[in-house]
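This report concerns only the one structure given below.
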Amino acid sequence: MAGSGHPGALNRRPVGTVTRGTTGVNRLRRSDRQLVADPLVRARLLGAADPLVVDLGYGAQPWTTLELAARLRAVRADVRVTGLEIDPERVVPGRDGITFARGGFELAGLRPILVRAFNVLRQYPESAVPAAWGTVLGKLAPDGLLVDGTCDELGRRCAWILLDRTGPLTLTLAWDPFTVERPSDIAERLPKALIHRNVPDEPIHALLAAADRAWAQAAPVAPFGPRFRWRVAAEALAAQGVPLRVFRRRLRDCVLTVPWDYVAPATAPPAS
């Protein structure tokens, strides 16, 4: 397999456990759209000496890995993508310049600039998240990034945490404007580090409640469509002091991005 790594790394025992492997065509489109446009992700990809990207835990079929590669090539044409699966029966032959191999959180000895791990940690206990993050982050290239996310089966509700080697940087929620009734509906698809924290006295609960209130207050502009309504709601949140990222481009999705410190759990994860 192409890519920098240690000799024989692919023969080492992968770190992690086999998950359900559910996937689907275009399931991760909302995350892909944001990654391609994210200034930090773009800068790291464009500045990398080796533009290697790993799609960790792509599932029973490699559709989302193929889609990720096609979208990232719009940022950098020579990007190299490797899909890793811990289940050897899911490893498929390479195609379209993309390689596939067996691997887990140890990344099969590779040193990528970007790792995407979607719907992987969701199937682990919350207490396993810090160690999994630490393993992946320790294997990244020096300027590498990790995307740990979760979405529903059709990709209509999507949430992810962006991390670098120092730890979590941001939380992003993205949803279909036409099938999600209110922002807090994303709660059921929060990443594992947050999904059990949507309770009173936790920052993520407060953010979702504030987003719902702003959404309700923006009801008078609903005739202009849900995208416009969310823009008005987001402006109201920002006016209240919520540190939302401002997007200068036209968005197809409703998107909410905040610094990790704003939503970080108030207490440590429970012991396993």
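Things to note:
- Three-way shape call for the range 130-207 based on the alpha-carbon gyration tensor, with the a/c threshold at 1.5: prolate
- Placing R0 at 30 angstrom, the Cβ-Cβ distance between Leu251 and Glu89 gives a FRET efficiency of 0.20 after rounding to 0.05.
- Helix-only [θ]222 nm of the chain, DSSP H runs n ≥ 4, -39500 (n - 2.57) each, per residue, nearest 500: -8000 deg cm²/dmol
- The range 191-212 and the range 126-188 have their alpha-carbon centroids 14 Å apart.
- Peptides ranked, highest mean first, by Cβ atoms within 10 Å: ranges 246-256, 142-152: 142-152, 246-256
- Inter-label distance, nm, simple model (7 Å from Cα along the C-beta direction), Asp96/Ala209: 4.5
- Residues whose amide H comes within less than 5 Å of that of Arg111, counting only those at least five positions distant or on another chain, are Ser4 (H built at 1.01 Å from N in the peptide plane).
- DSSP bridge pairs, the chain: antiparallel proportion in percent, nearest 5: 55
- Dimensions (Å) - the chain, Cα atoms, principal axes, largest first: 60, 43, 31
- 0 to 90° range, to nearest 10: angle between helix 203-217 axis and the chain longest Cα axis: 50
- Note on exposure: Tyr58, Tyr124, Tyr262 ranked by accessible area (1.4 Å probe, complete protein assembly) read Tyr262, Tyr124, Tyr58, with the most exposed listed first.
- Spacing of the two label points (7 Å from each Cα toward its C-beta) at Asn26 and Ala264, in nm: 3.9
- Here the scattering of the range 177-272 is modelled by Debye summation over its C-alpha atoms, one equal scatterer each and no solvent; at q = 0.21, 0.22, 0.25 Å⁻¹ the log10 of I(q)/I(0) is -1.11, -1.20, -1.46.
- Cβ distances below 4.7 Å define possible disulfide partners, and in the chain the cysteines left without one are Cys254.
- J(HN,Hα) series, the range 54-60, from Karplus relation 6.51 cos²θ - 1.76 cosθ + 1.60, nearest Hz, glycine and proline x: 10, 9, 8, x, 6, x, 5
- Available extension along the chain between His196 and Ala219 is 5.4 nm, counting 0.36 nm per residue and deducting the alpha carbon span.
- Taking 0.36 nm per residue of separation and subtracting the current Cα-Cα distance, fully stretching the chain between Thr17 and Leu154 would add 46.9 nm.
- The range 106-240, accessible area per residue, ligands and nucleic acids excluded (1.4 Å, Å²): 38
- Counting only protein heavy atoms and a probe of 1.4 Å, the accessible surface of the chain is 54% carbon and sulfur.
- Heavy-atom accessible area for Leu154, with the other protein chains in place and a 1.4 Å probe, reaches approximately 100 Å².
- The slack between Val36 and Phe228, meaning 0.36 nm per residue of separation minus the straight C-alpha distance, is 66.9 nm.
The values are calculated or read from the model by the stated rules, or taken from the named source; none is laboratory data. If you're wondering where the values come from, they're calculated on a predicted model, not measured in any experiment. Every residue, glycine as well, gets a Cβ built from its backbone with ideal geometry; the counts of neighbours run over all protein chains shown. Just the protein is used for accessible areas: all its heavy atoms, side chains included, with ligands, DNA and RNA removed. Shrake-Rupley method; radii C 1.70, N 1.55, O 1.52, S 1.80 Å.
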